[in-house]
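The values are calculated or read from the model by the stated rules, or taken from the named source; none is laboratory data. The shown structure was predicted, so the numbers you read here are calculated from the model rather than taken from an experiment. Glycine also receives a Cβ, built like all others from the backbone with ideal geometry; neighbour counts cover every protein chain displayed. Side chains included, ligands, DNA and RNA excluded: accessible areas come from the protein's heavy atoms. Shrake-Rupley method; radii C 1.70, N 1.55, O 1.52, S 1.80 Å.
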Amino acid sequence: MRAPMVFALAAVSTLSFGLIGELIQSVIPVNWLLADTTASTAASGYVLVGGPVLGGLAALYYWFPKMTGRTMSEGLAKPSVALIVLGAQLTFIPLFLAGVEGQQVDIFKFFESSDAINAMHLNTLNLIATIGAFVLALGILISIVNAYIGIRGGTPAGHDPWGGETLEWFTTSPPPPHNFDVVPDVRSHEPLRDIRDAVRGRNGSRPASAETKEPVA
């Protein structure tokens, strides 16, 4: 459960909320009621935060060691993902509720003054959504700062910080322009595992893929 996995799980769960919202609005009677309301904005927002934001940050945390040779801070990653997920809920749940009550997008006034109670209720929902947007932005900012700190003075990552199974983790971090001095031997879809097993075999150890309860030397 390192940072890339935490961000990836958060991305899948947040994206699921958005896809469910989009699926609900694909029902024609529901779409008649919610089209061009903030409910549709909330569903789209969940998709955007779950996919490009959280998914992109998961990729950044995962590939950052290979690109820079240094790791990003795990201590800053956890509050970042927590604030992003919390900010998404605070932003999009009130927008969905306001859309169900009929708030249209791209307007500056919700109801006439004669409906002051409803206007106040929608103002409260929009206030919560605004606070949530700032929380969401703060979570993203923490990861940006984390990347900056990592570039300036992060812990050296080594060539394979995640124990990967594919060849990009076989070369140095960051890789040289030619990638490899010698073309690696590829025999399966997990070539780095095969290379490790071959090295262990030469050293007299059992392959990591062998079924054994004994720890691999």
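Annotations
- Of all the criteria given as (1) over 14 Å from Ala82 (Cα atoms); (2) touching a residue at least 40 places away in the same chain (Cβ under 8 Å), the one not satisfied by Ser44 is (2).
- Candidates Phe134, Phe108, Phe170 - the one that is at pLDDT below 80, open to solvent by 50 Å² or more (accessible area, probe 1.4 Å) and among the aromatic types (Phe, Trp, Tyr): Phe108
- Residues of region 149-195 satisfying the condition of being in a helix (DSSP H, G or I) and acidic (Asp, Glu): Glu168, Asp194
- Scanning region 80-105 for residues that are at pLDDT 85 or above and among the β-branched types (Val, Ile, Thr) gives Val81, Ile84, Val85, Thr91, Ile93.
- Applying the criterion of at least 2 residues that are open to solvent by 20 Å² or more (accessible area, probe 1.4 Å), in contact with a helix residue (DSSP H, G or I) (Cβ under 9 Å, 6 or more places away or on another chain) and among the aromatic types (Phe, Trp, Tyr) to the helices (runs of 4 or more DSSP H) found wholly in region 13-73 leaves 56-68.
A quick yes/no check of all residues on (1) out of contact with any Ser or Thr (no Cβ under 8 Å at 6 or more places or on another chain); (2) of a type in the set (Phe, Trp, Tyr):
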| position | (1), (2) |
| --- | --- |
| Ala8 | yes, no |
| Phe17 | yes, yes |
| Gln25 | no, no |
| Tyr46 | no, yes |
| Pro52 | yes, no |
| Gly55 | yes, no |
| Gly87 | yes, no |
| Gln103 | no, no |
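- Members of region 145-164 that are charged (D, E, K, R) and open to solvent by 50 Å² or more (accessible area, probe 1.4 Å): Arg152
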